[in-house]
Amino acid sequence: MKKILLSAALVAFAAAANAGVEVGFLDSEALGLANKPTLDDMTLLSETENVSMYFLNGQEVSAQNPDFQGFKYVVVNGEAIKLVQGIGGTSNGTGDISGPTGGCIYRLDVKKDGWMIVLSKISSNKNFYAFMGLPGEAPDAVAYTLGMDLQSSDYPEIPEIKYSLPAGEYGLLNAEAADIDKYTFGGNTIAWPIKIATENNDAASAGNGTGAMVFPVYAEGATYCVLATGSKMNTCGFVFVDSDPAGEAPNVALYCPASDGETPRAEKVVVVTGTAPDLSGVSAVEAANEDAPVYNLMGVRVNADAKGLLIQNGKKFIRK
């Protein structure tokens, strides 16, 4: 199988958006996703100071876009971070609350306590899971919060879906919670988002949307994994927030800016955790001055075609 090795400069697409925030998005070009490569088990997808993301269970993969219906940003603690092209496998994820068993799974190794935000195309008729631990090692299901945009003619009264699984110690799923059946309907699976949103186990598929899973992580737990069952989870990577995992979750929202094109759309925000963000500065992100001076990390102005980790318009980026 094809083995892809990425240098630290490539996988750390991930200069911090602001203090305490690490962005671990994929570099689809470096991974060669346009050519549908077969990745080995434990291929490194992205890496930041405190988190490494790997692809488990080698299989053919392809480029997948997480942004649907114009949702182009995740806004974390007031910082707008533009989504990038992501990845999807060919083998459906498998497992239930007791643990993952195979298929397309993403592994996250963490070195520090904090909060994990995994960005993905969220299909309303798939089962989504996060675990502390790995397949075959008796992992513990994690109580995540999921938020997604939903624009379905079948459910016009539900513009978005949001739910938080009942949590116990260390943010693990509390399977004994009084309201657990709202999320499992008495079974051993986390129900489809549309079933949870409608509180109806007979609800039909309602389509796809841009979404995020948010959950606490602990360095003591060290290893986590995320997946969808019934299909493949398509993700562009993660955002890690260095804050107390036993405290309040970071403020996370999904943002669809208004278009200036021939088919303008309405500006929309889906709040995943916290409150609606102040979006007054987001337009500046889209309309960044491409002719603005470029600096290196020492604050020294460099040529516009310089390589490496650079700063322009107050934003860090990597030019290869």
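Readers should treat all values here as calculations from the given coordinates under stated rules, not as data from a laboratory. In this text the structure is predicted, and so the values were computed from the model without any measurement. With ideal geometry, Cβ positions are generated from the backbone for all residues, glycine too; neighbour counts draw on all protein chains shown.
Peptides 78-84, 176-182, ordered by how many other C-beta atoms sit within 10 Å of their residues on average, highest first, read 78-84, 176-182.
The order of VAL271, VAL142, VAL74, going from fewest to most other C-beta atoms within 10 Å of their C-beta, is VAL271, VAL142, VAL74.
Once you divide the Cα radius of gyration of region 38-99 by 2.2 N^0.38 Å, the number left is 1.37.
Under 5 Å from the amide H of SER46 lie the amide H atoms of MET53, each residue being 5 or more positions distant or on a separate chain, with H modelled from the backbone and absent for Pro and chain starts.
Placing unit charges on each Cβ (+1 for Lys and Arg, -1 for Asp and Glu) gives region 18-281 a dipole about its Cα centre, and among PHE25, ASN234, SER280 the Cα reaching farthest toward its positive end belongs to ASN234.
This model, with +1 at the C-beta of Lys and Arg and -1 at the C-beta of Asp and Glu, gives region 18-281 a dipole about its Cα centre of some 540 debye. Past the 18 Å Cα-Cα mark, which pairs from LYS126/LYS232; LYS112/LYS232; LYS121/LYS162? The answer is LYS112/LYS232. For the peptides 24-31, 156-163, 58-65, the ranking by packing is 24-31, 58-65, 156-163, with the highest mean count of neighbouring Cβ atoms within 10 Å listed first. Neighbour counting of Cβ atoms within 10 Å sorts the residues LEU310, LEU172, fewest neighbours leading, into LEU310, LEU172.
Cross-linked pairs LYS72/LYS111; LYS72/LYS307; LYS111/LYS182; LYS36/LYS72: Cα-Cα separations exceed 31 Å for LYS111/LYS182. Across region 18-281, the mean sequence separation of Cα contacts (distance under 8 Å, 6 or more residues apart), normalised by length, yields a relative contact order of 27 percent.
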